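Provided herewith is a single structure, encoded as structure tokens, for subsequent inquiry.
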Amino acid sequence: MGLADTRFENRRRKLASLLAGHRIDDMLVTHLTHVRYLSGFSGSNGALLISKDRSARITTDGRYATQVAEEVPDIEAIITRKVATELLSVVVEGHRVGYEADYVSASQLEALKQACPEGVTLVPVAQQIEGIRLVKDELELQRLAEAAELASTALRELVDAGELAAGQSERQVAANLEYRMRLLGADRPSFDTIVASGLNSAKPHHGASDRVIEDGDFVTIDFGMYRAGFNSDMTRTFAVGEPSAFLREIYEVTRESQQAGVEAAVAGAKLVDVDKACRSIIEDAGYGEYSVHSTGHGIGLDVHEGPYAALTGTGELEPSMTLTIEPGIYVPGKGGVRIEDTLIITSGAPRIITQFPKELIVL
């Protein structure tokens, strides 16, 4: 059995142990990200049934018959269009079957109920697979680091080519950055690229518009690369031409805040304390009301996943977790700043995998 097969089998074993502890006999997995996480199957239609005895079955339709055989050689595959309900038909009478409550709609749940054999009980299950995903394995961390490195290279190439400059529209900059990521191996962007210039930089999730960048603007670029199933996420704010003293001030406050968050993100740290490390610096500088989002999130198969560093954050960091540190200051009518890195938590200082200068770059 190959490395990848062992890795997926180990994840299924962990889930099976959790199921047994909750008196769940089988788990019906329909969220495609979790199907991929637990089996390696990357098609757009599929479901997985995992039993407490560690046995498993996977379903997909005829479009993926060859793909599922290649990607999931260690699990029996059933070819059908009705991927979820077909799996329920093989459940033993009297079994309690968990379903992913966070990802099943009311209509889907009704279809599952109708497909259940007599004597089978459906049980809502939440956050069990997400809990297993919190700590990454070596291959996951390697792929995350590769995606982050390539995305950083794309940004560096964009800047070096003079494509972030006055006269360029936000949309042009976003398109050029995404094009460069594609050339470097991206399957797609991790999310819609944000290029927020001038007063738009005060909007945390602005997007990219037809606004033309002007001399003196701050330009915040938040972007990521999706490659081989994994995501990257990084934000940098640039000055195009000489910025105002005010913009320089909020940049330095944000940079100090971001560095404090990086230093706080160590194994054993409470997530709420990581958020506090960033937030307190911004508040002490008098910009607390302009800090409007949480400090960070995990990243992996999803661009936003646990753990979460926030005012309401729970839990502690562990080695091999991931976390973004992305404080920002957003002042309507004046402009804003965000600086973001993705970290891998280690037994010592965190490893920053988004390598790009954080000192203010004036272009």
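Derivation of every value follows stated rules applied to the coordinates shown; laboratory data play no part. Since the structure is predicted, the reported quantities are computational estimates derived from the model, not experimental observations. Cβ: placed from backbone, ideal geometry, glycine included. Neighbour counts: every protein chain shown.
As an exercise, use a Förster radius of 22 Å and the Cβ-Cβ distance of Asp273 and Arg7 to find the FRET efficiency, rounded to the nearest 0.05.
Numbers: r = 32 Å, r/R0 = 1.45.
With R0 = 22 Å, the Cβ-Cβ based efficiency is 0.10.
Highest mean first, how do 280-287, 175-182 rank when packing is the count of other Cβ atoms within 10 Å averaged over residues? All intermediate terms of the calculation are to be shown ahead of the outcome.
Numbers: 280-287: 16.1, 175-182: 19.5.
With the highest mean Cβ count within 10 Å placed first, the list reads 175-182, 280-287.
Shifting gears a bit: Kirkwood Rh, the stretch 99-211, all Cα pairs: how many Å? All intermediate terms of the calculation are to be shown ahead of the outcome.
Working: mean 1/r = 0.0553 Å⁻¹.
It works out to 18.1 Å.
Under unit Cβ charges (Lys, Arg +1; Asp, Glu -1), what dipole magnitude, rounded to 20 debye, does the chain have relative to its Cα centre?
Working: 36 positive and 53 negative charges, 150 e Å.
I would put it at about 720 debye.
What order do you get for 58-64, 355-361 when each peptide is scored by the mean count of other beta carbon atoms within 10 Å, highest first?
58-64, 355-361
I've got another one for you. Placing +1 on the Cβ of each Lys and Arg and -1 on the Cβ of each Asp and Glu in the chain, which of Ala196, Val135, Thr6 has its Cα farthest towards the positive end of the resulting dipole?
After comparing all options, I get Thr6.
Would you pull out the residues with amide H under 5 Å of Ala267's amide H, same chain only if 5 or more places away, H placed 1.01 Å from N?
Result for Ala267 returns Thr346.
For the chain, what is the mean residue ellipticity at 222 nm derived from helices alone (per DSSP H run of n ≥ 4: -39500 (n - 2.57); sum divided by total residues; nearest 500 deg cm²/dmol)?
Details: 10 runs with 127 residues, N = 363.
For the chain, the value works out to -11000 deg cm²/dmol.
If you bin the C-alpha pair distances of the stretch 283-363 every 10 Å from 0, what whole percents do you get?
In order of increasing distance, the bins hold 16, 42, 33, 9, 0 percent.
If you average 1/r across every pair of different Cα atoms in the stretch 1-86 and take the reciprocal, what Kirkwood value do you get, in Å?
12.7 Å
How far apart, in nm, are the 7 Å Cα→Cβ label points at Glu252 and Tyr103?
Label at Glu252, label at Tyr103, 4.7 nm between them.
Would you mind giving the three semi-axes, in whole Å and largest first, of the ellipsoid equivalent to the stretch 240-297 according to its Cα gyration tensor? Kindly include the intermediate steps, with their values, before the conclusion.
Numbers: eigenvalues 114, 28, 16 Å².
Over the Cα atoms of the stretch 240-297, the semi-axes work out to 24, 12, 9 Å.
Okay, moving on. So how tilted is helix 138-160 from the main axis of the chain? Cα-based, degrees 0 to 90, rounded to 10.
With rounding to tens, the tilt is 30 degrees.
Still on this structure: Could you work out which residue, out of Ser152, Ser257, Ser347, moves most in a Gaussian network model of the chain, that is, has the largest mean-square fluctuation with Cα springs under 10 Å?
Ser347
Given R₀ = 56 Å, what would the calculated FRET efficiency be for Glu93 paired with Arg351, taking r from the Cβ atoms and rounding to 0.05? Don't skip to the answer; put the middle values down first.
Numbers: r = 50 Å, r/R0 = 0.90.
For Glu93 and Arg351, the calculated efficiency is 0.65.
Further question on the same structure: List the pair-distance distribution P(r) of the chain, using every Cα-Cα distance, as the percent of pairs falling in each 10 Å bin from 0 up to the bin containing the longest distance, rounded to whole percents.
Bins of 10 Å from zero give 5, 23, 27, 22, 15, 7, 1, 0 percent of pairs.
Using modelled backbone amide H atoms (1.01 Å from N, in-plane), which distant-in-sequence or interchain residues come within less than 5 Å of Arg227's amide H?
Under 5 Å from the amide H of Arg227: Asp187.
Between Rg and the Kirkwood Rh of the stretch 301-343, both from Cα atoms, what is the Rg to Rh ratio?
On the way: Rg = 13.2 Å, Rh = 12.4 Å.
Answer for the stretch 301-343: 1.07.
Just going by the charge dipole of the chain, with Lys and Arg at +1 and Asp and Glu at -1 on Cβ, which of Gln168, Ser51, Val104 is farthest out on the positive end?
Ser51
Give me the distance in nm between label points sitting 7 Å out from Cα along the Cα-to-Cβ direction at Asp137 and Asp192, one decimal.
The two pseudo-label positions are separated by 3.6 nm.
If one takes the longest principal axis of the Cα atoms in the chain, at what angle in degrees, from 0 to 90 and to the nearest 10, does the Cα axis of helix 106-115 lie?
20 degrees
Another question about this same structure. Quick one: work out Rg over Rh on the C-alpha atoms of the stretch 238-348, Rh as Kirkwood radius. Please report the intermediate quantities before stating the final value.
Working: Rg = 14.2 Å, Rh = 14.2 Å.
Ratio of gyration radius to Kirkwood radius: 1.00.
Right, something else. Hey, rough spin-label estimate for Ile361 and Ser209, points 7 angstrom out along Cα→Cβ, what's it come to in nanometres?
Computed distance between label sites Ile361 and Ser209 equals 2.5 nm.
From the C-alpha coordinates alone, can you work out the Kirkwood hydrodynamic radius of the stretch 35-152, in Å?
Numbers: mean 1/r = 0.0629 Å⁻¹.
The answer is 15.9 Å.
In degrees from 0 to 90, rounded to the nearest 10, what is the angle of the helix 271-284 Cα long axis to the longest principal axis of the chain?
That works out to roughly 20 degrees.
How compact and how long is the stretch 173-217, expressed as Rg and Dmax of its alpha-carbon atoms in Å?
That works out to 11.9, 34 Å for Rg and Dmax.
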